[in-house]
Amino acid sequence: MIALSASAVAGAAHAQSTTGSLNQAAAQSGDLFARDRSIPVRDRPRPDYEALGMPVGTFTAFPSVQIDAEYTDNVFAVSNGADGDWIVHVKPEVQLESGWSRHALAAYARADIARYQDFSNENFEDYGVGASGRLDFTRAANLAGGVDYASVTEPRTSSNAPASTREPIQYELTSGFVAGTRVGGRVKLSGRADIREYNYEDGLTLGGVVVDQDNRDRTITSLTARGDYAVSPATAVFAQVTGNKRDYDTATSVLLPARDSDGYEFLAGANFELGAVARGEVAVGYISQTFDAAAYDEISGFGTRAQLEWFPTQLTTVTGTASRTIEDAGIAGSGGYLSSAVGVRVDHELLRNVLLNANLTYSQDEYEGIDRNDDRLQVSAGGTYLVNRNLGVTLSASHFEQASDGVAGGSDFDVNRVSLSLVAQF
(Lines give C-alpha, C1' and ligand atoms only; values in the text may rest on other atoms or scores of the structure.)
Protein backbone atom coordinates (compact mmCIF):
# COMPACT_ATOMS: atom_id res chain seq x y z
CA MET A 1 0.00 0.00 0.00
CA ILE A 2 1.28 3.45 -0.84
CA ALA A 3 0.56 5.70 2.13
CA LEU A 4 2.44 8.33 4.08
CA SER A 5 2.97 6.90 7.55
CA ALA A 6 2.96 9.02 10.67
CA SER A 7 6.56 8.10 11.42
CA ALA A 8 7.68 9.26 7.98
CA VAL A 9 6.22 12.70 8.64
CA ALA A 10 7.00 13.21 12.30
CA GLY A 11 10.61 12.23 11.86
CA ALA A 12 11.21 13.50 8.36
CA ALA A 13 14.93 13.94 8.92
CA HIS A 14 15.27 10.38 10.18
CA ALA A 15 12.68 8.37 8.24
CA GLN A 16 14.58 7.89 4.98
CA SER A 17 16.88 4.89 4.62
CA THR A 18 20.43 5.71 5.62
CA THR A 19 21.70 4.83 2.17
CA GLY A 20 19.25 7.17 0.44
CA SER A 21 19.92 10.12 2.73
CA LEU A 22 23.67 9.83 2.30
CA ASN A 23 23.37 9.63 -1.47
CA GLN A 24 21.18 12.73 -1.47
CA ALA A 25 23.77 14.61 0.56
CA ALA A 26 26.48 13.55 -1.87
CA ALA A 27 24.42 14.57 -4.90
CA GLN A 28 23.89 18.10 -3.64
CA SER A 29 27.55 19.02 -3.28
CA GLY A 30 28.19 22.45 -4.77
CA ASP A 31 25.83 25.42 -5.01
CA LEU A 32 25.51 25.16 -8.81
CA PHE A 33 23.90 21.74 -8.42
CA ALA A 34 21.73 22.33 -5.35
CA ARG A 35 17.98 22.19 -5.98
CA ASP A 36 16.65 23.22 -2.58
CA ARG A 37 14.71 26.47 -2.89
CA SER A 38 11.50 24.62 -1.97
CA ILE A 39 11.02 21.70 0.41
CA PRO A 40 8.37 19.05 -0.33
CA VAL A 41 5.56 18.69 2.19
CA ARG A 42 6.77 15.22 3.19
CA ASP A 43 10.32 16.43 3.94
CA ARG A 44 9.53 19.75 5.62
CA PRO A 45 10.99 20.07 9.14
CA ARG A 46 8.39 20.09 11.92
CA PRO A 47 10.39 20.74 15.12
CA ASP A 48 7.38 20.36 17.40
CA TYR A 49 6.60 16.91 15.99
CA GLU A 50 10.02 15.38 15.36
CA ALA A 51 11.49 12.73 17.60
CA LEU A 52 14.38 13.99 19.75
CA GLY A 53 16.20 10.69 19.77
CA MET A 54 18.46 9.24 22.44
CA PRO A 55 22.15 10.25 22.68
CA VAL A 56 24.61 7.37 22.28
CA GLY A 57 28.04 8.97 22.51
CA THR A 58 28.48 11.09 19.39
CA PHE A 59 25.53 9.28 17.78
CA THR A 60 21.78 9.64 18.22
CA ALA A 61 19.42 6.66 18.24
CA PHE A 62 15.86 7.02 16.95
CA PRO A 63 13.72 4.05 18.08
CA SER A 64 10.12 3.67 16.95
CA VAL A 65 7.33 1.13 16.66
CA GLN A 66 4.40 1.19 14.27
CA ILE A 67 1.26 -0.93 14.66
CA ASP A 68 -1.05 -1.35 11.66
CA ALA A 69 -4.55 -2.78 11.59
CA GLU A 70 -5.20 -3.61 7.93
CA TYR A 71 -8.10 -5.17 6.04
CA THR A 72 -7.74 -6.61 2.53
CA ASP A 73 -10.58 -8.01 0.45
CA ASN A 74 -8.39 -10.32 -1.70
CA VAL A 75 -5.68 -12.03 0.31
CA PHE A 76 -4.50 -14.31 -2.50
CA ALA A 77 -4.86 -11.84 -5.41
CA VAL A 78 -7.21 -14.12 -7.39
CA SER A 79 -9.76 -13.40 -10.11
CA ASN A 80 -12.69 -15.27 -8.54
CA GLY A 81 -13.64 -16.38 -5.05
CA ALA A 82 -11.62 -13.69 -3.28
CA ASP A 83 -11.12 -14.08 0.49
CA GLY A 84 -10.80 -11.10 2.82
CA ASP A 85 -8.96 -10.92 6.12
CA TRP A 86 -7.72 -8.63 8.88
CA ILE A 87 -3.96 -8.34 9.37
CA VAL A 88 -2.03 -6.82 12.27
CA HIS A 89 1.48 -5.55 11.55
CA VAL A 90 4.01 -4.73 14.26
CA LYS A 91 6.97 -2.76 12.87
CA PRO A 92 9.78 -1.98 15.31
CA GLU A 93 12.70 0.08 14.04
CA VAL A 94 15.81 1.81 15.32
CA GLN A 95 18.05 4.18 13.39
CA LEU A 96 21.46 5.37 14.51
CA GLU A 97 22.94 8.55 13.08
CA SER A 98 26.20 10.38 13.66
CA GLY A 99 26.21 14.04 14.67
CA TRP A 100 29.54 15.04 13.17
CA SER A 101 30.14 18.31 11.32
CA ARG A 102 32.05 16.36 8.63
CA HIS A 103 31.58 12.83 7.39
CA ALA A 104 28.53 10.74 8.28
CA LEU A 105 27.81 7.26 9.57
CA ALA A 106 24.42 5.65 10.04
CA ALA A 107 22.85 2.25 10.66
CA TYR A 108 19.38 0.81 11.01
CA ALA A 109 17.46 -2.33 11.99
CA ARG A 110 13.77 -2.84 11.27
CA ALA A 111 11.17 -5.58 11.13
CA ASP A 112 7.62 -6.21 9.93
CA ILE A 113 5.78 -8.94 11.84
CA ALA A 114 2.38 -9.70 10.27
CA ARG A 115 -0.41 -11.86 11.69
CA TYR A 116 -3.57 -12.78 9.73
CA GLN A 117 -6.79 -13.45 11.60
CA ASP A 118 -8.05 -16.32 9.40
CA PHE A 119 -5.21 -17.32 7.06
CA SER A 120 -2.27 -18.08 9.34
CA ASN A 121 -0.24 -19.53 6.44
CA GLU A 122 0.15 -15.95 5.20
CA ASN A 123 1.88 -14.84 8.43
CA PHE A 124 5.41 -13.57 8.02
CA GLU A 125 8.32 -11.99 9.88
CA ASP A 126 10.38 -9.75 7.62
CA TYR A 127 13.44 -7.86 8.81
CA GLY A 128 16.36 -5.83 7.54
CA VAL A 129 19.63 -4.35 8.77
CA GLY A 130 22.06 -2.00 7.13
CA ALA A 131 24.75 0.61 7.49
CA SER A 132 26.15 3.39 5.34
CA GLY A 133 28.75 6.12 5.59
CA ARG A 134 30.20 9.10 3.79
CA LEU A 135 33.72 10.52 3.79
CA ASP A 136 33.92 14.24 3.01
CA PHE A 137 37.39 14.89 1.59
CA THR A 138 36.46 18.49 0.80
CA ARG A 139 33.19 20.42 0.39
CA ALA A 140 33.26 19.36 -3.26
CA ALA A 141 34.42 15.73 -3.06
CA ASN A 142 33.13 12.77 -1.11
CA LEU A 143 32.95 9.00 -1.10
CA ALA A 144 29.95 7.03 0.19
CA GLY A 145 29.25 3.36 0.72
CA GLY A 146 26.74 1.06 2.35
CA VAL A 147 25.58 -2.52 2.88
CA ASP A 148 22.09 -3.91 3.50
CA TYR A 149 20.58 -7.30 4.26
CA ALA A 150 16.86 -8.08 4.21
CA SER A 151 14.66 -11.12 4.62
CA VAL A 152 11.55 -10.35 2.58
CA THR A 153 8.16 -11.92 1.81
CA GLU A 154 7.09 -11.58 -1.81
CA PRO A 155 3.57 -10.12 -2.05
CA ARG A 156 0.85 -12.20 -3.68
CA THR A 157 0.28 -9.35 -6.13
CA SER A 158 3.80 -9.73 -7.61
CA SER A 159 3.70 -10.85 -11.25
CA ASN A 160 6.60 -13.25 -10.55
CA ALA A 161 4.98 -14.88 -7.51
CA PRO A 162 3.73 -18.45 -8.16
CA ALA A 163 0.00 -18.65 -7.45
CA SER A 164 0.01 -22.31 -6.40
CA THR A 165 2.05 -22.11 -3.19
CA ARG A 166 0.42 -22.63 0.20
CA GLU A 167 2.55 -19.84 1.68
CA PRO A 168 4.04 -16.68 0.11
CA ILE A 169 7.55 -17.01 -1.30
CA GLN A 170 10.33 -15.63 0.88
CA TYR A 171 13.75 -14.48 -0.23
CA GLU A 172 16.93 -12.87 1.04
CA LEU A 173 18.36 -9.73 -0.54
CA THR A 174 21.94 -8.70 0.18
CA SER A 175 23.18 -5.49 -1.39
CA GLY A 176 26.03 -3.02 -1.26
CA PHE A 177 27.21 0.11 -3.02
CA VAL A 178 30.15 2.50 -3.34
CA ALA A 179 29.64 5.99 -4.81
CA GLY A 180 31.84 9.00 -5.31
CA THR A 181 31.23 12.63 -6.34
CA ARG A 182 33.63 15.39 -7.36
CA VAL A 183 32.57 18.97 -8.17
CA GLY A 184 34.88 21.41 -9.89
CA GLY A 185 33.49 24.71 -11.13
CA ARG A 186 30.62 23.99 -13.49
CA VAL A 187 31.40 20.27 -13.77
CA LYS A 188 30.27 17.48 -11.49
CA LEU A 189 31.55 13.93 -12.00
CA SER A 190 30.08 10.97 -10.17
CA GLY A 191 30.29 7.21 -10.24
CA ARG A 192 28.63 4.32 -8.47
CA ALA A 193 29.07 0.55 -8.19
CA ASP A 194 26.24 -1.69 -6.95
CA ILE A 195 25.82 -5.36 -6.20
CA ARG A 196 22.60 -7.19 -5.29
CA GLU A 197 22.22 -10.87 -4.50
CA TYR A 198 18.79 -12.58 -4.43
CA ASN A 199 18.28 -15.96 -2.78
CA TYR A 200 14.74 -17.42 -2.96
CA GLU A 201 13.27 -20.17 -0.82
CA ASP A 202 11.31 -22.96 -2.52
CA GLY A 203 7.55 -23.06 -2.09
CA LEU A 204 5.11 -25.91 -1.50
CA THR A 205 1.70 -26.53 -3.05
CA LEU A 206 -1.28 -27.53 -0.93
CA GLY A 207 -0.50 -31.13 -1.96
CA GLY A 208 3.09 -30.89 -0.71
CA VAL A 209 4.77 -30.64 -4.13
CA VAL A 210 7.93 -28.49 -4.17
CA VAL A 211 7.74 -25.32 -6.29
CA ASP A 212 11.38 -24.79 -7.20
CA GLN A 213 12.57 -21.17 -6.94
CA ASP A 214 16.33 -21.75 -7.32
CA ASN A 215 16.12 -20.58 -10.94
CA ARG A 216 15.34 -17.08 -9.64
CA ASP A 217 18.51 -16.85 -7.51
CA ARG A 218 20.82 -14.32 -9.08
CA THR A 219 23.54 -11.72 -8.56
CA ILE A 220 23.29 -8.35 -10.28
CA THR A 221 26.27 -6.04 -10.53
CA SER A 222 26.21 -2.59 -12.12
CA LEU A 223 28.55 0.33 -12.74
CA THR A 224 27.33 3.87 -13.38
CA ALA A 225 29.26 6.92 -14.57
CA ARG A 226 27.72 10.37 -14.88
CA GLY A 227 28.85 13.85 -15.85
CA ASP A 228 26.90 17.06 -15.16
CA TYR A 229 27.56 20.50 -16.60
CA ALA A 230 25.94 23.54 -14.96
CA VAL A 231 24.59 25.81 -17.67
CA SER A 232 23.38 28.20 -14.96
CA PRO A 233 22.94 28.10 -11.16
CA ALA A 234 19.50 26.56 -11.74
CA THR A 235 20.08 24.25 -14.72
CA ALA A 236 22.51 21.46 -15.52
CA VAL A 237 22.69 19.04 -18.41
CA PHE A 238 24.11 15.55 -17.97
CA ALA A 239 24.93 12.25 -19.57
CA GLN A 240 24.86 8.94 -17.72
CA VAL A 241 25.81 5.41 -18.71
CA THR A 242 25.19 2.24 -16.69
CA GLY A 243 26.40 -1.25 -17.45
CA ASN A 244 25.05 -4.33 -15.69
CA LYS A 245 25.68 -8.07 -15.47
CA ARG A 246 23.02 -10.51 -14.26
CA ASP A 247 24.26 -13.97 -13.26
CA TYR A 248 21.76 -16.72 -12.39
CA ASP A 249 22.70 -19.69 -10.22
CA THR A 250 20.79 -22.39 -12.12
CA ALA A 251 18.85 -23.04 -15.31
CA THR A 252 15.15 -22.20 -15.44
CA SER A 253 14.29 -25.83 -16.23
CA VAL A 254 15.68 -28.88 -18.00
CA LEU A 255 14.68 -27.36 -21.34
CA LEU A 256 15.34 -23.69 -20.57
CA PRO A 257 18.84 -22.38 -19.74
CA ALA A 258 19.68 -19.78 -17.10
CA ARG A 259 18.78 -16.15 -17.79
CA ASP A 260 22.36 -14.80 -17.62
CA SER A 261 22.64 -11.48 -19.43
CA ASP A 262 24.58 -8.27 -19.92
CA GLY A 263 23.04 -4.88 -20.50
CA TYR A 264 23.49 -1.15 -20.58
CA GLU A 265 21.50 2.05 -20.22
CA PHE A 266 22.51 5.35 -21.77
CA LEU A 267 20.59 8.45 -20.69
CA ALA A 268 20.98 12.17 -21.33
CA GLY A 269 18.91 14.94 -19.85
CA ALA A 270 18.67 17.97 -17.62
CA ASN A 271 18.41 18.75 -13.93
CA PHE A 272 16.70 22.05 -13.21
CA GLU A 273 14.89 24.35 -10.79
CA LEU A 274 12.34 26.97 -11.84
CA GLY A 275 12.58 29.41 -8.96
CA ALA A 276 10.59 28.17 -5.99
CA VAL A 277 7.78 26.82 -8.20
CA ALA A 278 9.17 23.61 -9.70
CA ARG A 279 12.23 21.42 -9.99
CA GLY A 280 13.08 18.08 -11.45
CA GLU A 281 15.24 15.84 -13.56
CA VAL A 282 14.33 14.39 -16.95
CA ALA A 283 16.44 11.91 -18.89
CA VAL A 284 15.84 9.89 -22.06
CA GLY A 285 17.98 7.43 -23.93
CA TYR A 286 18.45 3.80 -24.95
CA ILE A 287 18.35 0.58 -22.93
CA SER A 288 19.43 -2.93 -23.94
CA GLN A 289 19.77 -6.39 -22.36
CA THR A 290 21.44 -9.28 -24.22
CA PHE A 291 21.14 -12.86 -22.94
CA ASP A 292 23.88 -15.46 -23.08
CA ALA A 293 21.45 -18.19 -24.17
CA ALA A 294 19.86 -18.01 -27.62
CA ALA A 295 16.58 -19.21 -26.08
CA TYR A 296 15.92 -15.66 -24.88
CA ASP A 297 15.43 -12.68 -27.17
CA GLU A 298 17.37 -9.46 -26.77
CA ILE A 299 15.39 -6.68 -25.11
CA SER A 300 16.08 -3.12 -26.19
CA GLY A 301 14.43 0.19 -26.88
CA PHE A 302 13.63 3.63 -25.58
CA GLY A 303 14.49 4.28 -21.92
CA THR A 304 13.62 7.13 -19.59
CA ARG A 305 13.71 8.25 -15.97
CA ALA A 306 12.04 11.42 -14.80
CA GLN A 307 10.83 13.14 -11.65
CA LEU A 308 9.15 16.53 -11.50
CA GLU A 309 8.08 18.39 -8.36
CA TRP A 310 5.60 21.27 -8.57
CA PHE A 311 4.91 23.58 -5.62
CA PRO A 312 1.63 25.39 -6.44
CA THR A 313 1.59 26.71 -2.87
CA GLN A 314 3.82 26.33 0.17
CA LEU A 315 1.28 23.82 1.54
CA THR A 316 0.99 21.56 -1.52
CA THR A 317 3.50 19.44 -3.42
CA VAL A 318 2.69 17.60 -6.66
CA THR A 319 5.23 14.97 -7.74
CA GLY A 320 5.22 13.29 -11.15
CA THR A 321 7.39 10.32 -12.10
CA ALA A 322 8.03 8.29 -15.25
CA SER A 323 10.34 5.41 -16.12
CA ARG A 324 11.02 2.74 -18.73
CA THR A 325 13.42 0.01 -17.68
CA ILE A 326 14.28 -3.65 -18.31
CA GLU A 327 13.41 -6.00 -15.45
CA ASP A 328 14.05 -9.69 -14.75
CA ALA A 329 11.19 -12.11 -15.35
CA GLY A 330 10.36 -14.95 -12.99
CA ILE A 331 8.15 -16.70 -15.54
CA ALA A 332 9.34 -19.70 -17.58
CA GLY A 333 10.12 -18.88 -21.19
CA SER A 334 10.83 -15.18 -20.68
CA GLY A 335 14.18 -13.64 -19.92
CA GLY A 336 12.79 -10.27 -18.92
CA TYR A 337 10.32 -7.54 -19.71
CA LEU A 338 10.10 -3.86 -20.53
CA SER A 339 8.46 -2.04 -17.65
CA SER A 340 6.93 1.38 -18.31
CA ALA A 341 5.44 3.37 -15.43
CA VAL A 342 3.99 6.82 -14.78
CA GLY A 343 2.72 8.23 -11.52
CA VAL A 344 1.52 11.36 -9.79
CA ARG A 345 1.37 12.08 -6.07
CA VAL A 346 -0.18 15.04 -4.22
CA ASP A 347 0.80 15.96 -0.66
CA HIS A 348 -1.07 18.71 1.17
CA GLU A 349 -0.47 20.23 4.60
CA LEU A 350 -4.00 20.88 5.85
CA LEU A 351 -2.67 21.91 9.26
CA ARG A 352 0.82 21.91 10.68
CA ASN A 353 0.12 18.48 12.13
CA VAL A 354 -2.46 17.18 9.63
CA LEU A 355 -1.11 15.95 6.28
CA LEU A 356 -3.10 14.53 3.37
CA ASN A 357 -1.86 12.58 0.36
CA ALA A 358 -3.16 10.92 -2.80
CA ASN A 359 -1.30 8.75 -5.29
CA LEU A 360 -1.98 7.34 -8.75
CA THR A 361 0.40 4.94 -10.53
CA TYR A 362 -0.02 3.12 -13.84
CA SER A 363 2.46 0.60 -15.24
CA GLN A 364 2.70 -1.78 -18.18
CA ASP A 365 4.97 -4.81 -18.41
CA GLU A 366 5.74 -6.20 -21.89
CA TYR A 367 7.32 -9.66 -21.69
CA GLU A 368 9.81 -10.88 -24.26
CA GLY A 369 9.75 -14.50 -25.41
CA ILE A 370 6.15 -15.19 -24.32
CA ASP A 371 2.78 -13.74 -25.22
CA ARG A 372 1.99 -11.68 -22.12
CA ASN A 373 1.34 -8.04 -21.26
CA ASP A 374 0.36 -6.83 -17.78
CA ASP A 375 -1.36 -3.52 -17.04
CA ARG A 376 -1.36 -2.42 -13.41
CA LEU A 377 -3.15 0.46 -11.72
CA GLN A 378 -2.78 1.58 -8.13
CA VAL A 379 -4.73 4.39 -6.47
CA SER A 380 -4.33 5.37 -2.83
CA ALA A 381 -5.21 8.16 -0.44
CA GLY A 382 -4.45 8.82 3.20
CA GLY A 383 -4.11 11.27 6.02
CA THR A 384 -1.74 11.61 8.97
CA TYR A 385 -2.47 13.30 12.29
CA LEU A 386 0.61 14.12 14.36
CA VAL A 387 -0.51 14.10 17.98
CA ASN A 388 2.85 15.23 19.35
CA ARG A 389 6.54 14.51 18.77
CA ASN A 390 6.07 10.94 20.03
CA LEU A 391 2.72 9.84 18.57
CA GLY A 392 1.12 9.85 15.14
CA VAL A 393 -1.93 8.26 13.51
CA THR A 394 -2.41 7.45 9.81
CA LEU A 395 -5.54 6.30 7.98
CA SER A 396 -5.12 5.12 4.39
CA ALA A 397 -6.94 3.24 1.65
CA SER A 398 -5.77 1.79 -1.66
CA HIS A 399 -7.05 0.05 -4.76
CA PHE A 400 -4.81 -2.19 -6.89
CA GLU A 401 -5.80 -3.94 -10.10
CA GLN A 402 -4.07 -6.04 -12.72
CA ALA A 403 -5.22 -6.87 -16.24
CA SER A 404 -3.08 -9.50 -17.98
CA ASP A 405 -3.39 -10.33 -21.70
CA GLY A 406 -1.90 -13.01 -23.94
CA VAL A 407 -1.67 -16.78 -24.21
CA ALA A 408 0.73 -16.88 -21.23
CA GLY A 409 -1.12 -14.13 -19.38
CA GLY A 410 -1.54 -14.10 -15.65
CA SER A 411 -4.76 -13.56 -13.73
CA ASP A 412 -6.92 -10.43 -13.66
CA PHE A 413 -7.69 -9.28 -10.14
CA ASP A 414 -8.50 -6.35 -7.86
CA VAL A 415 -7.26 -5.81 -4.31
CA ASN A 416 -8.67 -3.17 -1.94
CA ARG A 417 -7.03 -2.33 1.38
CA VAL A 418 -7.80 -0.08 4.34
CA SER A 419 -5.25 0.51 7.09
CA LEU A 420 -5.10 2.37 10.40
CA SER A 421 -1.61 2.95 11.80
CA LEU A 422 -0.35 4.11 15.19
CA VAL A 423 3.27 5.23 15.48
CA ALA A 424 5.24 5.77 18.66
CA GLN A 425 8.73 7.26 18.30
CA PHE A 426 11.28 8.56 20.74
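The values are calculated or read from the model by the stated rules, or taken from the named source; none is laboratory data. It should be emphasised that the depicted structure is a prediction, and the values quoted were computed from it without experimental measurement. Methodologically, a virtual Cβ is constructed for each residue, glycine included, from the backbone with ideal geometry; neighbour enumeration extends over all protein chains shown. For accessibility, only protein heavy atoms count, side chains too; no ligands or nucleic acids. Shrake-Rupley method; radii C 1.70, N 1.55, O 1.52, S 1.80 Å.
Of the residues 116, 223, 263, the one whose Cα sits farthest toward the positive end of the charge dipole of the chain, with +1 on the Cβ of Lys and Arg and -1 on the Cβ of Asp and Glu, is 223. Going 7 Å from the Cα of residue 212 in the Cα-to-Cβ direction, what parts of segment 246-289 have a backbone nitrogen less than 12 Å from that spot? Label zone hits: 250-258. In order along segment 338-347, phi translates into HN-Hα couplings of 7, 10, 10, 9, 9, x, 9, 10, 10, 10 Hz, rounded to whole numbers, per the Karplus curve 6.51 cos²θ - 1.76 cosθ + 1.60 with θ = phi - 60° and x for Gly and Pro. The mean sequence distance of close C-alpha pairs (under 8 Å, at least 6 residues apart), as a share of the length of the chain, puts its relative contact order at 15 percent. For the chain, the gyration tensor built on C-alpha atoms gives an oblate shape. Its axis ratio a/c (a ≥ b ≥ c) is at least 1.5, and a/b is not larger than b/c.
Backbone geometry of segment 199-204 corresponds, through the Karplus equation with coefficients 6.51, -1.76 and 1.60 at θ = phi - 60°, to 3J(HN,Hα) couplings of 9, 9, 8, 5, x, 10 Hz, x marking Gly and Pro. Note on residue 348: accessible area is roughly 60 Å² with a 1.4 Å probe, heavy atoms of protein only. When +1 charges are put on Lys and Arg Cβ atoms and -1 charges on Asp and Glu Cβ atoms, the dipole computed for segment 140-186 relative to its Cα centre reaches about 300 debye.
Counting only protein heavy atoms and using a 1.4 Å probe, the accessible area of residue 44 comes to about 40 Å².
Across segment 402-423, the residues whose backbone nitrogen lies under 19 Å from the label position 7 Å along the beta-carbon direction of residue 163 are 402-416. Each other residue within a Cβ distance under 14 Å of residue 341 adds +1 if Lys or Arg and -1 if Asp or Glu, for a net charge of -1. Spacing of the modelled spin labels on residue 366 and residue 94, each 7 Å from Cα toward Cβ, amounts to 5.0 nm. Spacing of the modelled spin labels on residue 172 and residue 341, each 7 Å from Cα toward Cβ, amounts to 2.6 nm. A straight chain from residue 61 to residue 295 at 0.36 nm per residue would run longer than the Cα-Cα distance by 79.1 nm.
Projecting the Cα atoms of 74, 361, 160 onto the charge dipole of the chain (Cβ charges, centred on the Cα centre) puts 361 farthest toward the positive pole.
Translational D (Stokes-Einstein, µm²/s) of segment 119-275 at 25 °C and 0.890 mPa s when Rh comes from the Kirkwood sum over C-alpha pairs? After rounding, the answer is 130 µm²/s.
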